[in-house]
Amino acid sequence: MLKHFQVPDDIAVRVDVDKLRSATEQVFMKCGVPETEAKLGADVLLFADESGIDTHGVSNMLRSYVAGYTSDALNATPDIKIIKETPSTATIDGDGGLGLMIAPKAMEIAIAKAKAVGTGVVAVRNSGHLGAAGYHAMMAAENDMIGWCMTAGGKSMVPTFGAEAQLGTNPIAFAAPGNNEPAFMFDAAMTSIAGNKIGLANRMGKGMSPGWVAEDDGTPDMEGGAVADFAANSMRMQLPLGSTRELGSHKGYGLGVMVDILCGQLAFAPGFGSLARTRRAHFVAAYSVDAFGDVDEFKENMDGMLKGLAATKPMPGEERVYYAGLPEHEVRIERRENGVPLHPEVIEWFRDICGEFEITFDLA
């Protein structure tokens, strides 16, 4: 993650991963979530925290989920149903449950189908936020498969030449396994900046960089400096990947529409423009490497490519070159040893919510 969004070392409170996981599970259960589901939701969140994906971890997302449950916008005990199914596909209705728990179940179905017929594709409607899309894509990679995960909902992205937001940030995650090298895991919004990073910038008192957001009339802000003085889940005017047409914003915009088609339209979710933040739609897919060739050969070839990318000569001023998934792997090792760095404001929120829910507070 860019240093722009990292908690400064001099104020960060390092919290043991297991303690953070336990506290998160207990908060979910106090919201009425069954224990098994609470553990799954905590696992998705801690994956993000451990990996340095702070935008989608406990610190940035748990409070919004609590608000969703306490306001009945989220269903703590959803009746998840398969609406339509073939040997290689399925459509699921999440019954208003949180996507943290629904998307893994969808990927489990996709993986089972891929084991049986080579590919598995599942569309999900009527679901809440699914957390870090990379978690769900990595489920396939851990089963010697290639995994995809996409999600759509809300209005954040301004179409190229547009003066109003029409699409969500619509992230895409893709994961593929290596043998001895850390898996390739790409997870990114189709906007120039992930929406939750605006919330992190707000917490840090940081401004927007050029090309991240649009002005009120839709004009791309290429000067930067605008203060992120609005909450992470509020309406905003985010630019597509590329920022301007000259720099390729039509590509980010087009990819965002593709995600909306695969998630919203293919899942037969509410039509364009009506996907609310609490009623999102998702798309997951698993491709069995075994269906295409020898798994060991594929993973060895992946290792060669990944090592080659990491060995690329760096540009002046940079120490090394990474591939997607390598930084997250290295951060996981460090944070499992030293704890997750949380902002003092997050610690105080935990202290307050633990007091409200009568949970023992032991994070600081």
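Each reported figure results from applying straightforward, stated rules to the coordinates on display, with no laboratory input. Quick caveat: nothing in here was measured; it's all calculated off a predicted structure. Every residue, glycine as well, gets a Cβ built from its backbone with ideal geometry; the counts of neighbours run over all protein chains shown.
Things to note:
- In this structure, the amide hydrogen of VAL213, modeled 1.01 Å from its nitrogen in the peptide plane, lies closer than 5 angstrom to those of ASP221, LEU239, counting only residues at least 5 positions away or on a different chain.
- Antiparallel bridge percentage (DSSP; both residues within segment 8-141; nearest 5): 40 percent
- Here the Gaussian network model covers the chain, with springs between Cα atoms less than 10 Å apart; of LEU241, LEU167, LEU309, LEU309 fluctuates the most.
- Rounded to whole Hz, the Karplus (6.51, -1.76, 1.60) HN-Hα couplings of segment 355-363, x for glycine and proline: x, 5, 8, 6, 10, 5, 9, 9, 8
- Under a 5 Å amide H cut-off, with hydrogens placed 1.01 Å from N, ALA281 pairs with ALA152 among residues at least 5 apart or on other chains.
- Within a Gaussian network of the chain (alpha carbon springs, distance under 10 Å), most fluctuating of ALA133, ALA67, ALA285: ALA67
- Kirkwood-based Rg to Rh ratio, segment 35-133, C-alpha trace: 1.01
- Phi to ³J(HN,Hα) by Karplus 6.51 cos²θ - 1.76 cosθ + 1.60 over segment 188-193, Hz, x for Gly, Pro: 8, 6, 8, 9, 5, 9
- A Förster radius of 22 Å, combined with the Cβ-Cβ distance separating MET258 from PHE161, puts the computed FRET efficiency at roughly 0.75.
- Scanning residues 5 or more positions from THR89 or on other chains, those with amide H under 5 Å from its amide H are VAL121, with H placed 1.01 Å from N in the peptide plane.
- Straightening the chain between VAL117 and VAL295 buys 62.5 nm, computed as 0.36 nm per residue apart minus the Cα-Cα spacing.
- Rg over Rh for the chain works out to 0.95, both radii taken from alpha-carbon positions and Rh defined as the Kirkwood radius.
- Share antiparallel - DSSP beta bridges, segment 59-137, percent rounded to 5: 40 percent
- Virtual spin-label span in nm between ASP352 and HIS329, 7 Å along Cα→Cβ: 4.0 nm
- Antiparallel content of DSSP bridges confined to the chain, in %, to 5: 85 percent
- Total charge dipole magnitude, the chain, about the Cα centre, Cβ charges on Lys, Arg, Asp, Glu only, Debye to nearest 20: 720 debye
- The chain: calculated mean residue ellipticity at 222 nm from DSSP helix runs of at least 4, using -39500 (n - 2.57): -12000 deg cm²/dmol
- Residues in segment 246-254 carry Karplus couplings, in order, of 5, 9, x, 5, 4, 6, x, 4, x Hz; the curve used is 6.51 cos²θ - 1.76 cosθ + 1.60 with θ = phi - 60°, and Gly or Pro positions show x.
- Other residues lying with their Cβ under 12 Å from the Cβ of GLU300 contribute a combined charge of -3, Lys and Arg counting +1, Asp and Glu -1.
- Entry note, the chain: relative contact order of 22 percent, from Cα contacts under 8 Å with a spacing of 6+ residues.
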